[in-house]
Amino acid sequence: MLAAQAPPRHAWRELWLITLGHGLTHWYPATFYLLLPLIGNELGLSYSEIGLVMTSQFIASAVANIPGGMVVDTIGRKGLLMAVSLFWVGFPYLLIGFTHSYPMLLICVALVGFGNSLWHPTAIPTLAGRYPDRKGLVLSLHGMGGNVGDAIAPIVIGTALAVFSWRQVVVLNVAPGLVVALLMFAFLGTIRLGERKTQAEGQSLAQYMSGLRHLLRNRAVVLLSVGSSFRTMTQTALLTFLPVYLAREMGYSPALVGACLFALQGAGFAAAPVAGHMSDRMGRKQILIGAMATSAVVLAGMAVAGGSPIFVALIAMLGFFLYATRPVIQAWLLETTPKNMGGSSIGVLFGAQAVGGALGPYLAGLVADRHGLSATFYFLAATIVVANLFVFWTPHRRDEAVA
C-alpha cells in the first residue's frame, strides 16, 4: 500500500475552481426555491402540488445518481463530466421561464435532477483523492461553494423580483450562469490536463460490477446513506416550505424572504469548514450526532415560535447545524470505501439522498394541507432524529463496516 502523497502542484487552485463550479450548481436551485411561491400562486397549486414539484426533481436524481457514479468510475473524464453537469443543471431553469402548465413544470425540474447526478460523484472523490489526510476540511470548503450559491442567490433574485416578474428574472438569470459556465469549461480543461499520467482514469465494467456488489454490502455505506436520506428529507422540505411560510403566513416580501434564506445558507457557510476541521481532529461520528441533535431541537423551537422574531433568529441557528453535517458525511463515507469506487459510493449516497429529497417535500406538503404550515416543522424535527439514529449505528472503522 503506497503512502499518501502530497497534493499535486496547483492542487489548492484546482480546489477553488471546482468549488466555484459547485457554487453554480447550487445557484439555480436556490433561485427556484425563492420563485416557487410565486409560481405556485400563478398556477394555483396546493401545498402538496408545490411539494410534488421538488419531489419530481429528486426522483430523477435518485434514478440517475448510481448510473452517474458508474459513468465516473468507468470513464473517468472528470473535466468533461463536470462541464456537462454544470450545463445540464442550469439550462432547464431557463425553460421554466416559458412554461405555463404544471406537467411541463414537473418535466423541466426533473431534468435538473439528471444534471445534478453527475457533479458530486465526479467532484467529491477527485478532491478527496488529492487531499487524503484532510478530507473533512477540503470537502467542507467544496461544500462552502454550494453554500455561497445558496446564500447569494436569494438576495440577488429577491431584489430583482422587486423590479421584474419571475419569468423575466429566470431569463436574466441565464447571463451570470453562462459566464461562469464558460469560465469553468476553461478551468476544467486545465484540471483534466494537469492530472498525473500514473493515475488510473477508469476501470472495466466487470471490475466495476464486482466492486459495486462489495460496496452495497458495506454497512457503513448503507447506514450513512440511509441516515443522509432522512437528513436530506429534512433539508429539502425545509427549503420548499420555509419560503412559502414566510411569504404566506408572515407576509414577507420576496426581498425579505431572500434575506431569511441568506441567513440560513450563510450560517451553513460558516459552519462547514468548522465542522470539517473538527471532524478531522475529533472524529466524524461525534460531530454528526451533535449537529443533528441540535438541528432537531431548533426545528421544534421553530414550530413553537412561528410568526415571532425568534423564528427568524432560529433560521440562522438551524442553518449552522444542519449544513455542518454534509461534508462530514461525505468524508466518512469515502474513508469506508475503496478509492476506485469513490464515484459510485458518492453516487449511492446522493441517490439515497435524492430519495429522501423526493419524499420530504411531498410528505411535508400533505402535513401542511391537513394540519397547517406550522406542523411541517414538527415533521422535520422527527426526520432529523431518525437520521441521527442511523448515524449512531454506523461503525467507525472500515473493517467493521464490511459484512
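The values are calculated or read from the model by the stated rules, or taken from the named source; none is laboratory data. Note that the coordinates shown come from a computational prediction; the quantities given were computed from them, not determined experimentally. A quick note on method: Cβ atoms are made from the backbone with ideal geometry, for glycine too, and the neighbour counts reach across all protein chains shown. Keep in mind that these areas ignore ligands, DNA and RNA; they rest on the heavy atoms of the full protein, side chains included. Shrake-Rupley method; radii C 1.70, N 1.55, O 1.52, S 1.80 Å.
Data table
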{"read-out": "Only one of PHE241, PHE262, PHE230 that is in contact with a Leu (Cβ under 8 Å, 6 or more places away or on another chain), among the aromatic types (Phe, Trp, Tyr) and either buried (at least 23 other Cβ atoms within 10 Å of the Cβ) or at pLDDT 90 or above (or both)", "value": "PHE241"}
{"read-out": "Selection status of GLY23, surrounded by 19 or more Cβ atoms within 10 Å (Cβ to Cβ), in a helix (DSSP H, G or I) and modelled with pLDDT of 85 or more", "value": "yes"}
{"read-out": "Selection status of PRO37, surrounded by 16 or more Cβ atoms within 10 Å (Cβ to Cβ), in contact with a Pro (Cβ under 8 Å, 6 or more places away or on another chain), within 18 Å of VAL169 (Cα to Cα) and at pLDDT 85 or above", "value": "yes"}
{"read-out": "Candidates GLY343, GLY357, GLY319, filtered to the one that is without any contact (Cβ under 8 Å) to a residue 60 or more places away in the chain, assigned to a helix (DSSP H, G or I) and open to solvent by less than 10 Å² (accessible area, probe 1.4 Å)", "value": "GLY319"}
{"read-out": "Every residue from the range 360-373 that is open to solvent by 10 Å² or more (accessible area, probe 1.4 Å) and assigned to a helix (DSSP H, G or I)", "value": "TYR362, LEU363, LEU366, VAL367, ASP369, ARG370, HIS371"}
{"read-out": "Near pairs, Cβ below 6 angstrom, 6+ apart or cross-chain, from the range 125-141 (farther than 15 Å from THR337 by Cβ) to any residue that is at pLDDT 75 or above and outside any helix (DSSP H, G or I)", "value": "VAL138/TYR131"}
{"read-out": "Residue within the range 64-84 that is aliphatic (A, V, I, L, M), open to solvent by 10 Å² or more (accessible area, probe 1.4 Å), assigned to a helix (DSSP H, G or I) and at pLDDT 80 or above present", "value": "no"}
{"read-out": "Qualifying residue in the range 163-181 (condition: among the aliphatic types (A, V, I, L, M), assigned to a helix (DSSP H, G or I) and at pLDDT below 65)", "value": "no"}
{"read-out": "Options SER48, SER61, SER56; residue that is touching a residue at least 12 places away in the same chain (Cβ under 8 Å), touching an Asp or Glu at 6+ places or on another chain (Cβ under 6 Å) and open to solvent by less than 50 Å² (accessible area, probe 1.4 Å)", "value": "SER48"}
{"read-out": "Single unsatisfied condition, ALA352 versus (1) under 17 Å from ARG231 (Cβ atoms); (2) touching a Pro at 6+ places or on another chain (Cβ under 8 Å); (3) surrounded by fewer than 24 Cβ atoms within 10 Å (Cβ to Cβ)", "value": "(2)"}
{"read-out": "Qualifying positions in the range 85-106 - under 20 Å from the mean Cα position of the chain (by Cα), of a type outside the set (Gly, Ala, Ser) and either at pLDDT 85 or above or crowded, with 19+ Cβ neighbours inside 10 Å (or both)", "value": "LEU86, TRP88, VAL89, PRO92, TYR93, LEU106"}
{"read-out": "Criterion (part of a helix (DSSP H, G or I), hydrophobic (A, V, I, L, M, F, W, C), surrounded by fewer than 22 Cβ atoms within 10 Å (Cβ to Cβ) and over 16 Å from the mean Cα position of the chain (by Cα)) met by exactly one of ALA291, ALA313, ALA275", "value": "ALA313"}
{"read-out": "Cβ-Cβ under 6 Å pairs, at least 6 apart or on other chains, the range 153-168 side farther than 18 Å from GLY23 by Cβ, far side of a type in the set (Phe, Trp, Tyr) and not in a helix (DSSP H, G or I)", "value": "none"}
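Residues checked against (1) polar (S, T, N, Q); (2) touching a Cys at 6+ places or on another chain (Cβ under 8 Å); (3) free of Cβ contacts under 8 Å to residues at least 40 places away in the same chain; (4) over 22 Å from THR232 (Cβ atoms):
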site	(1), (2), (3), (4)
MET82	no, no, no, no
PHE87	no, no, no, yes
LEU95	no, yes, yes, yes
MET104	no, no, yes, yes
